[in-house]
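Before any comments, here is the structure.
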Amino acid sequence: MRLPALLFLAAASLCAADGYDVYTRHCAACHIELMDKATAVARFKTLKAPPMVEVSNRLKENIIIADDDEDVHRHLVILFIKDYIENPELYKTMCRPMALERFDVMPSLKGKLSDAERQAVAEWIYDRYKNVTFR
Ligand code: HEC
């Protein structure tokens, strides 16, 4: 009875979204995956949005919790990202004012990503840059 197990695996892989895949399909056109600060400054005029390494670093630095609990911190950063994908707002952004002036607020992607895809890409943004500092 090998077939049911195989079918189950196929179904599971269809449901579990791959964060990097979601990033390449929905975010990469605007957010470059990796870039150092000096290059970002030099190429500022050609960028469509802050590089994702910068987004990840800034959210992690700005979202501060009283307890030293990585799981809680990760959860809150992921919640912020999941919300921002569908409901980006000027009052929510942590983007620098100078960059905002140039980029404007991100357009909403409401309806384009499933909940699982938003979860997967938000987890990927947190974990991908675990030991990668934007500098
Ligand atoms: C059409 C271009 C575009 C696409 C596509 C796009 N973004 Fe953005 N995003 C922006 C711009 C511009 C900003 C900076 C202004 C702002 O904070 O709203 C931004 C800001 C953000 C921020 C907030 C950063 C902060 O400092 O507060 C998050 C989080 C984010 N994007 C996540 C994503 C994710 C995840 C995707 C893909 C699912 C995505 N974006 C797709 C243009 C885009």
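Values in this text are rule-based calculations from the coordinates and carry no lab data. Here the structure is a predicted model, which is why all the values come from computation and not from measurement. Because the Cβ atoms are built from the backbone with ideal geometry, glycine has one as well, and the counts that use them run over all protein chains shown.
For the reader, a short list of remarks on this structure follows.
- By the count of other C-beta atoms within 10 Å, a proxy for reagent exposure, LYS48, LYS82 are ordered fewest to most as LYS48, LYS82.
- Spacing of the modelled spin labels on ARG58 and LYS37, each 7 Å from Cα toward Cβ, amounts to 1.3 nm.
- For the chain, the longest principal axis of the Cα atoms and the long axis of helix 115-128 meet at an angle of about 60 degrees.
- Our compactness index for the stretch 17-128, the C-alpha radius of gyration over the empirical 2.2 N^0.38 Å, is 1.04.
- Extended-chain gain in nm, criterion 0.36 nm per residue less alpha-carbon gap, VAL132 and ALA99: 9.8 nm
- Rounded tilt (10° steps) of 52-62 against the dominant C-alpha axis of the chain: 80 degrees
- In the chain, helices alone account for a calculated mean residue ellipticity at 222 nm of -17000 deg cm²/dmol, with every DSSP H run of four or more residues adding -39,500 (n - 2.57).
- Theoretical FRET efficiency, 1/(1+(r/R0)^6), r = Cβ-Cβ of ASP115 and ALA66, R0 30 Å, to 0.05: 0.55
- Over the stretch 74-135: Rg over Rh, Cα atoms, Kirkwood Rh: 0.99
- The ranking of CYS30, CYS95 from fewest to most other beta carbons within 10 Å of each one's beta carbon is CYS30, CYS95.
- Here PHE103, PHE44 are placed in order of increasing Cβ neighbour count within 10 Å, fewest first, which gives PHE44, PHE103.
- Over the stretch 17-128, relative contact order from alpha-carbon pairs under 8 Å, at least 6 apart, %: 38 percent
- Using alpha-carbon coordinates, inclination of helix 70-86 to the longest axis of the chain, degrees: 80 degrees
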